[in-house]
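A.B. asks: There's a structure below that I have some questions on.
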Amino acid sequence: MNADEVLAIHHGLAAENVPVWIDGGWCVDALLGRQTREHSDLDLAVAREHARRLAEVFAEWGYARQERKGTTDWNYVVATGSGGTVDVHVFAYDDQGRHTYGIEYPYGSLTGSGVIGGQEVRCVAPEWMFRFKTAYPPKDKDLEDVRALAERYGFEIPATHRRPAPPS
């Protein structure tokens, strides 16, 4: 998925009054203000109250829900016939800001702002994106994301996410 596609989705959903937050690899790039690598998909967070409308808009745009292992009502993938995929993360909070449904985005974690293709987007806040990226065993792309976020925001990289020194 390229930056133009991400922006079309982000702005198109905003025009349909469906607020979303960019998560995952594109969030890292938004927080850095530049694309650092290729992305096979787009991860989006959406409040439960907007989830039905999000699904309707994606259907209107030609996206179909993909049944995969682990698919739930709060975590699923939609895709176009041409291969564009969006990983949807639905969440809800109660009046006290406590998580009540779906993906457990801590209250306050969806307060970030970043830039993709020169345009501002809503995304996961930097400190939370860093926490999310360091909460599981890393792949190579995760090590690069963690390193880039640490350099940009001054975060301490946990030992589990440091690249080993090259052999001498």
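A.B. asks: Given the criteria more than 20 Å from Trp21 (Cα to Cα) and either touching a Pro at 6+ places or on another chain (Cβ under 8 Å) or surrounded by 14 or more Cβ atoms within 10 Å (Cβ to Cβ) (or both), does Glu67 qualify?
C.D. replies: Numbers: more than 20 Å from Trp21 (Cα to Cα): yes; either touching a Pro at 6+ places or on another chain (Cβ under 8 Å) or surrounded by 14 or more Cβ atoms within 10 Å (Cβ to Cβ) (or both): no.
Taking the combined requirement at face value, the residue does not satisfy it.
A.B. asks: Moving on to the next point. Within segment 34-59, how many residues are touching a helix residue (DSSP H, G or I) at 6+ places or on another chain (Cβ under 7 Å), in a loop (DSSP other than H, G, I, E, B) and over 15 Å from Val77 (Cβ atoms)?
C.D. replies: Qualifying residue count, segment 34-59: 3.
A.B. asks: Considering only segment 91-118, state which residues are among the aromatic types (Phe, Trp, Tyr) and loosely packed, with under 15 Cβ neighbours inside 10 Å. Before the answer, list the steps.
C.D. replies: Of segment 91-118, the ones among the aromatic types (Phe, Trp, Tyr) are 91, 93, 101, 105, 107.
Tyr107, the sole residue that qualifies.
A.B. asks: Additional query: Every residue in segment 10-33 that is within 15 Å of Ala150 (Cα to Cα) and not in a helix (DSSP H, G or I), please.
C.D. replies: Within segment 10-33, Gly33 is the sole residue that qualifies.
A.B. asks: In the set Ala125, Ala92, Ala135, which member is aliphatic (A, V, I, L, M) and within 25 Å of Ala3 (Cα to Cα)?
C.D. replies: Residue meeting the stated conditions: Ala125.
A.B. asks: In addition: Would it be correct to say that Asp4 is more than 22 Å from Arg147 (Cβ to Cβ) and not in a loop (DSSP other than H, G, I, E, B)?
C.D. replies: Values: more than 22 Å from Arg147 (Cβ to Cβ): yes; not in a loop (DSSP other than H, G, I, E, B): yes.
When the stated conditions are applied, Asp4 passes them.
A.B. asks: So how many residues does segment 143-163 have that are touching a Pro at 6+ places or on another chain (Cβ under 6 Å) and either under 17 Å from Gly33 (Cα atoms) or surrounded by fewer than 16 Cβ atoms within 10 Å (Cβ to Cβ) (or both)?
C.D. replies: Going through segment 143-163 one residue at a time, the tally reaches 1.
A.B. asks: Would you mind finding the one in Val78, Val121, Val88 that is within 25 Å of Arg52 (Cβ to Cβ), modelled with pLDDT of 95 or more, crowded, with 16+ Cβ neighbours inside 10 Å and more than 13 Å from the chain's Cα centre (by Cα)?
C.D. replies: None of the other options fit; the residue is Val78.
A.B. asks: Right, here's the next one. What pairs come out if I take residues in segment 1-20 that are in contact (Cβ under 8 Å) with a residue 40 or more places away in the chain and pair them with residues that are assigned to a helix (DSSP H, G or I) and among the basic types (Lys, Arg) whose C-beta lies under 7 Å away, six or more apart or interchain?
C.D. replies: Short answer, once both residue conditions are applied: Glu16/Arg53.
A.B. asks: Pairs, please: C-beta under 7 Å, at least 6 apart or cross-chain, first residue under 21 Å from Ala47 (Cα atoms) and in segment 67-81, second assigned to a strand (DSSP E or B) and basic (Lys, Arg)?
C.D. replies: Taking only residues 6 or more apart or on different chains, the pairs are Tyr76/Arg65; Val78/Arg65.
A.B. asks: Any idea how many residues of segment 69-90 are acidic (Asp, Glu) and part of a strand (DSSP E or B)?
C.D. replies: So the answer is 1.
A.B. asks: Now for a different question. Could you please find all residues in segment 94-123 being of a type in the set (Ser, Thr, Tyr), touching a residue at least 24 places away in the same chain (Cβ under 8 Å) and touching a Phe, Trp or Tyr at 6+ places or on another chain (Cβ under 6 Å)?
C.D. replies: The one that is of a type in the set (Ser, Thr, Tyr), touching a residue at least 24 places away in the same chain (Cβ under 8 Å) and touching a Phe, Trp or Tyr at 6+ places or on another chain (Cβ under 6 Å): Tyr105.
The values are calculated or read from the model by the stated rules, or taken from the named source; none is laboratory data. For clarity, every value in this text was computed on a predicted model and none was experimentally measured. Positions of Cβ are backbone-derived with ideal geometry, glycine not excepted, and every protein chain shown enters the neighbour counts.
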